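Notes follow once the structure below has been shown.
The values are calculated or read from the model by the stated rules, or taken from the named source; none is laboratory data. Since the model is a prediction, treat every value here as computed from it, not as a measurement. Here Cβ is always computed from backbone atoms with ideal geometry, including for glycine, and neighbour counts include all displayed protein chains.
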Amino acid sequence: MENYKYFEQDGHKYLLKAQFVFIGFLGGLFLVGGLILAFTIGATDNANRWVGYIMAILGALVLLRLTAKTTIDMESRQVLLKKNLFASEVAYSLDYFETFLVAKTISVFGITMNATASMVLNIDGKEKLLMLNQSVFSTVPLNNMINEALHIMKIED
């Protein structure tokens, strides 16, 4: 049994660890900021109050992402994806796997503002992207996570 930084091994299943700090901070910031805007600062102005409500709802949706689960099951050769607490789990065969994709948004000053790592599947000629992780300012953690996934899937060592 190997130790992985980004995955937890349970037999032949590898569960992608949740990004509690990143998602919790981002979701909490929007939720609390939205509530403060809606009920204190912006309470006198109807437009500000609605912006606060929308920010709070977005924060709650981001926090809901903490309940997402991505599992690589090597026994059945599937990726099991559950987007949140209320969504059902969907299984994708690893036979459809094409590659991984790291996409980043760069600001005017050359700073990476947001980056996402996705698994690219080709299902009956249609491309399907499964988002795995996100990061800010750097793509190094995403590349390391992809290297672990490739090792788990026995594609590359």
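For the reader, a short list of remarks on this structure follows.
- The set of residues in the stretch 61-78 being exposed (fewer than 14 other Cβ atoms within 10 Å of the Cβ) and of a type in the set (A, V, I, L, M) consists of L61 alone.
- Residues in the stretch 123-147 that are of a type outside the set (A, V, I, L, M, F, W, C), touching a strand residue (DSSP E or B) at 6+ places or on another chain (Cβ under 6 Å) and closer than 24 Å to E75 by Cα were compared, and the one that is modelled with the lowest pLDDT is N133.
- When the stretch 1-21 is filtered for residues that are of a type in the set (A, V, I, L, M, F, W, C), within 18 Å of N84 (Cβ to Cβ) and loosely packed, with under 15 Cβ neighbours inside 10 Å, only F20 remains.
- Counted residues, the stretch 5-19 - those being free of Cβ contacts under 8 Å to residues at least 24 places away in the same chain and either in a strand (DSSP E or B) or not basic (K, R) (or both): 3
- Restricting attention to the stretch 79-129 and to residues that are β-branched (V, I, T) and in contact with a helix residue (DSSP H, G or I) (Cβ under 8 Å, 6 or more places away or on another chain), the residue that is surrounded by the most Cβ atoms within 10 Å (Cβ to Cβ) turns out to be V79.
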